[in-house]
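Student: Sharing a structure below in structure tokens format, with a few things to ask.
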Amino acid sequence: MPARLAPFLLAAFALLAAPAAAQTQPAPPWIETGPEVDVALVLAVDISYSMDLEEQALQREGYVAALTSPAVIDAIRKGMVGRIAVTYLEWAGVATRNIVVDWTIIEDERSARAFADQLKAAPIRRARRTSVSNAIDFGMDRLHATNLRAIRRVIDISGDGPNNEGAPVTRARDRALAAGVIINGLPVVLDRGYRSSFDIEGLDEYFEDCVIGGPGAFMIAVVDRAQFADAIRAKILREVAQNGQSDLPAAPRRRARADCLIGEKLWRQNWERN
């Protein structure tokens, strides 16, 4: 090998190796010097263009109604600590990371209403692509950005399609689970009367096999527009009420039904076709 080529080849190998090395690095330790809460809950909400403005509005209204419902506030008060911390994030492709409402402690009707009012006042935005892995990583970043002493840490992912940009979703999921974070899901499986070339059959199975995980992890699928509010309330109520779940072992994974790279494959097929 000519000596003058060696530095360039070494640099190229370093660039190729860097992503793999970064993916295997363990998550940093939690900094726990702040108030204690039953759960630090990240609400990570899909704003990709595949969801129309009406669906986006229904989704937003569902979170506002859920967080201020008497049942949820009562469940918060009955927790071991009696308060939770919530942040509301929006995501789409890898370039979309919006903090709509930052970490807020909710312990009563007043604090719940203050959070909901901020959420209601924020504009509804939309963006390109779908990176579920980015949503999980974004949620992890925000969990590390707070110093709360949380009994449980939960990332709640809503979405209407599979990962088609960024790192494989299972890689991001497994990093979060290794750090003790629970991932729940709200797959939006609506019958819109049409299909795009990026839609998949069995999005609920994809979420179950490829996205959610951790002790007590669950998902609730939205199959009708009128179901948004009820599904979101049931999901948040269950997340708030799961005291002590962090001490349970994760259920053994059964044989996967979904292809966890289906979104990337569909994107590549459509790109090559066009």
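Student: On a full-extension model of 0.36 nm per residue, what is the gain between residue 149 and residue 234, subtracting their alpha-carbon distance, rounded to one decimal in nm?
Tutor: So the extension gain works out to 28.1 nm.
Student: What FRET efficiency, computed as 1/(1 + (r/R0)^6) with R0 = 41 Å and r the Cβ-Cβ distance, is obtained for residue 141 and residue 226, rounded to the nearest 0.05?
Tutor: So, using R0 = 41 Å, E works out to roughly 0.75.
Student: OK, next. How high is the FRET efficiency from residue 31 to residue 81, r the C-beta distance, R0 25 Å, rounded to 0.05?
Tutor: So the FRET efficiency works out to roughly 0.85.
Student: Please list 208-219, 101-112, 149-160 highest first by mean number of surrounding beta-carbon atoms within 10 Å per residue.
Tutor: 149-160, 208-219, 101-112
Student: Still on this structure, please answer the following. Just to verify a number: FRET efficiency for residue 269 and residue 205, C-beta to C-beta distance, R0 = 22 Å, to 0.05?
Tutor: Given R0 = 22 Å and the Cβ-Cβ separation, E is 0.65.
Student: Could you calculate the contour length gain from residue 120 to residue 189, that is, 0.36 nm times the residue separation minus the distance between their Cα atoms, to one decimal place in nm?
Tutor: The span from residue 120 to residue 189 would gain 22.4 nm if fully extended.
Student: Hey, another quick one. Rounded if a/c is under 1.5, else prolate if a/b is larger than b/c, else oblate: which is segment 21-118, with a ≥ b ≥ c the root eigenvalues of its Cα gyration tensor?
Tutor: It comes out oblate by the Cα gyration axes.
Any read-out appearing in this document is the output of simple, stated calculations on the displayed coordinates, not a laboratory observation. Everything quoted here is computed from the prediction, not taken from an experiment. FYI the Cβ positions are ideal-geometry reconstructions off the backbone, even for glycines, and counts take in every protein chain you see.
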